[in-house]
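So the structure is just underneath, and the comments pick up after that.
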Amino acid sequence: MYPEWGLNEPLLQSTVEGERLRLAAAGSWTVDHARELEPLVDEAARHPPAIRTVDIDMGQVDKLDTFGAWLLERLRRSLAVEGSEARIVGLPDSYRALLEEVQNANSGRAPPNPGGGGLAGALDLVGRTMAEVGDAFLVILEMFGAVGMSFVRVFTGFGRMRVTSVVHHLDRVCWRAVPIVLLITFLIGCIIAQQGLFHFRRFGADIFVVDMIGILVLREVGVLLVCIMVAGRSGSAYTAELGTMKMREEVDALRTMGFDPIEVLILPRIIAIVIAVPMLTFLGAMAALYGGGLVAWLYGGISPDIFIARLREAISVDHFLVGMIKAPFMALIIGIVACAEGFQVKGSAESLGAQTTTSVVKSIFLVIVLDGLFAMFFAAIGK
Amino acid sequence: MAHPESDVVIRVRDLVVGFGRTTVLNHLDLDVKRGEILGFVGGSGSGKSVLLRTIIGLLPKREGKIEVFGVDLENANAKELQAVERRWGILFQHGALFSSLTVRQNVQFPMREYLDLSERLLEEVAVAKLEMVGLHADVCEKYPSELSGGMTKRVALARALALDPEIVFLDEPTSGLDPISAGESDHLIKTLQRTLGLTVFMVTHDLDSLHTVCDRIAVLAEGKIIAAGPMSVMLASEHPWLKAYFRGEIARISRN
Ligand SMILES: Nc1ncnc2c1ncn2[C@@H]1O[C@H](COP(=O)(O)OP(=O)(O)O)[C@@H](O)[C@H]1O
Ligand SMILES: [Mg+2]
């Protein structure tokens with residue numbers, strides 16, 4: 001299937017008749033031929049300078065559309081710039097209106113295509129990026145403050161606690177995450193045990209694997225793994241949801257109805273995640289210990305009785321508490337970053353994607369930084 | 001064209017479309033002739049957008065047959081389908097502009113895909129199209145989220161017309177536009193129809209457009225076309241819905 005008029009090559013022949021140049025156009029001046037037509041038009045615009053009048057004969061043109069009409073208008077204008085006056089003759093009446101439509105087009109100066117480049121462009125980019133990094137932390141602090149205010153309002157009775165919403169988010173962030181969290185922490189527990197046994201066996205220290213699993217899992221690995229998974233699973237979802245709502249002016253609609261978006265949208269999400277992460281951390285740590293014990297038994301020959309007895313000697317409640325204390329703080333960071341990034345989404349789909357990526361990367365980074373700070377803190381208090 | 005009745009560019013026969021248990025279009029027949037402007041009216045939620053989206057292949061149909069340019073879209077191969085898609089332009093009810101591209105890039109998008117033009121010509125034609133739909137060249141670098149509702153509609157119209165298509169499907173092209181801009185859009189569509197032989201399938205609630213530019217009007221109700229014909233036929237009809245629509249209070253005020 002081809003357009004029925006798409007068959008005739010466009011033509012533009014020039015003949016000089018004394019003082020006057022005649023440009024005879026023919027064929028299809030249409031979108032399908034615009035590519036061949038443009039050089040013809042540009043060629044025709046370069047004519048001997050002596051000539052003052054030009055006739056463009058459109059009589060033989062069998063089809064004209066906006067592309068052809070624009071090129072004709074462009075030809076007329078370039079001739080006018082060179083000081084010759086062009087008359088368009090023989091144009092079928094039906095095309096007059098089309099020509100009038102394009103007559104006023106491109107008359108102003110279109111804004112130039114912006115394009116950075118060179119050293120200045122690169123420096124500009126560096127500067128902007130640095131400023132953005134600073135702004136990004138301010139945005140998170142601001143969200144932190146807003147959530148704090150909202151929390152205080154809710155608990156002093158000025159706001160309303162959205163219990164249904166919290167439960168709904170708990171279901172998504174906590175309950176539905178249980179299987180995948182159990183699976184992954186279980187596997188990591190297995191891997192740690194296997195690696196430990198493999199290397200400790202060389203100097204006959206098999207049994208210390210139990211110490212390693214216990215301390216590592218309870219203090220660090222459990223909570224970090226869960227946080228990374230929650231950031232990827234729920235943090236990204238928070239950002240995408242809030243970003244889409246922002247994009248479609250749903251957030252503005254809420255605000256105009258007298259609702260506080262922080263109280264309605266963000267606080268329930270953050271409360272849910274702060275409750276969810278410690279619970280998932282507990283489950284994850286248990287699954288990892290189970291996986292480690294299983295491998296120690298099957299691969300290392302340490303029977304469950306011995307494993308549990310050794311575990312009781314090696315770890316204290318402190319180790320468990322260290323992990324559990326960190327969990328809600330890390331959850332708070334993930335929630336705040338995810339919600340702050342969601343509210344930063346601008347109008348485009350691309351910015352939604354960029355903000356979601358930033359949310360995950362930033363929250364994982366901050367979780368690890370916070371973990372470092374906690375490590376120093378606990379070392380200082382001797383736990 | 002190979003088709004015996006090449007006069008009819010869109011032929012819909014016995015079309016049934018529904019979602020779940022509801023049936024939106026119920027054994028609907030419709031012909032759109034080459035070079036006409038068909039105004040398509042019907043109550044809100046009567047299925048106008050659904051019909052439009054089914055014709056262009058975005059919604060599945062339960063029964064029936066749809067031909068565009070004599071090609072049965074269901075049985076067409078990828079190449080035939082692309083040839084048809086190259087020849088139509090669509091303005092969606094909510095604009096559907098690409099949010100990550102500027103206005104200029106939105107209009108140039110189909111041109112870059114299908115045509116191999118110089119940068120300069122792409123630039124000039126895109127600006128010309130935007131100016132033809134009544135926008136100023138200043139909006140070129142704006143993103144869709146920075147436009148007003150009416151501007152979005154106009155950019156979407158410019159994009160629908162980017163390739164000088166033979167058929168344009170317009171879903172409420174003038175809603176959200178002030179009456180002057182709406183009149184300009186109507187004028188442009190009429191001009192293009194006269195000069196390029198454009199076929200227009202226009203869903204609209206704008207009585208002015210229906211009076212001034214539409215050659216024929218089709219009315220959708222209860223999943224069927226209940227009336228089709230020029231304005232005079234609509235005005236003469238005694239059908240209660242048509243009477244209320246075309247001769248009701250609003251219609252009288254806007255006509256006088
Ligand atoms: N994707 C969808 N899923 C379910 N129902 C739909 C969908 N799209 C449209 N509908 C229903 O089809 C009917 C017709 O809708 P639509 O064609 O958009 O109306 P209008 O005539 O105002 O354009 C409405 O009742 C709408 O609820
Ligand atoms: Mg609709």
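Quick one: net charge around residue A:343, please, counting Lys, Arg +1 and Asp, Glu -1 for every other residue with C-beta under 15 Å from its C-beta.
-3
For region B:141-148, the Karplus equation 6.51 cos²θ - 1.76 cosθ + 1.60, evaluated at θ = phi - 60°, returns couplings of 8, 7, 9, x, 5, 9, 9, 7 Hz by residue, with Gly and Pro reported as x. Extending 7 Å from the Cα toward the beta-carbon at both residue B:112 and residue A:168 defines two label points whose distance is 3.9 nm. What helices in chain A pass both tests, a Cα length along the helix axis of 24 Å or more and a mean Kyte hydropathy of -1.0 or higher, using whole DSSP H runs? Membrane-span-like by this rule: A:118-155, A:178-200, A:267-298, A:317-343, A:349-380.
Of the residues B:162, B:137, B:78, the one that moves most in a GNM of chain B with alpha-carbon contacts below 10 Å is B:78.
Candidate cross-link partners of residue B:48 among the lysines, defined by an alpha-carbon separation under 16 Å and a same-chain spacing of 8 or more, comprise B:61, B:224. Taking amide H as placed 1.01 Å from N in the peptide plane, the amide H of residue B:227 sits under 5 Å from that of B:219, each at least 5 places away or on another chain.
With +1 on each Lys and Arg Cβ and -1 on each Asp and Glu Cβ, and nothing else charged, work out how big the dipole of the protein assembly as shown is about its Cα centre, in Debye to the nearest 20.
Details: 61 positive and 73 negative charges, 442 e Å.
The dipole magnitude comes to about 2120 debye.
Using θ = phi - 60° in the Karplus curve 6.51 cos²θ - 1.76 cosθ + 1.60, the 3J(HN,Hα) couplings for region B:36-50 round to 9, 9, 9, x, 10, 10, x, x, 4, x, 7, x, 5, 5, 4 Hz; x is entered for Gly and Pro.
Model label points for residue A:123 and residue A:308, set 7 angstrom from Cα along the Cα-to-Cβ axis, are 7.0 nm apart. Considering only A:324, B:101, B:149, the residue lying farthest towards the positive end of the dipole of the protein assembly as shown is A:324, judged by Cα position with unit charges set on Cβ.
Taking the alpha-carbon centroid of each part, what is the distance from region A:14-79 to region B:14-90 in angstrom? First find each Cα centre; the distance between them is then 40 Å. Peptide B:121-133 shows a mean partner chain C-beta count of 6 within 10 Å per residue C-beta.
Cβ-Cβ distance of residue A:153 and residue A:253, R₀ of 25 Å, FRET efficiency by 1/(1 + (r/R0)^6): the value works out to about 0.75.
Sum up the charges of everything whose Cβ sits under 10 Å from the Cβ of residue A:302, counting Lys and Arg as +1 and Asp and Glu as -1, but leave residue A:302 out. Don't jump to the answer; show the numbers that get you there.
On the way: positive: A:310; negative: A:206, A:305.
So the surrounding residues net to -1.
Here residue A:246 is the anchor, and the lysines within straight C-alpha reach of less than 27 Å, apart from those fewer than 8 places off in the same chain, are A:346, A:362, B:142, B:153.
Can you work out the base-10 log of I(q)/I(0) for region B:5-226 at q = 0.14, 0.16, 0.18 1/Å, using the Debye formula on its C-alpha atoms alone? The Cα Debye sum returns log10 ratios of -0.87, -1.13, -1.38. Note on residue B:236 and residue B:13: with the Förster distance fixed at 30 Å, the Cβ-Cβ geometry gives a FRET efficiency of about 0.65.
Quick note: the coordinates plus some simple rules give every number you see, no bench work behind them. Everything quoted here is computed from the prediction, not taken from an experiment. When we count neighbours, we look across all protein chains shown, and the Cβ atoms used for this are built from the backbone with ideal geometry, even at glycine.
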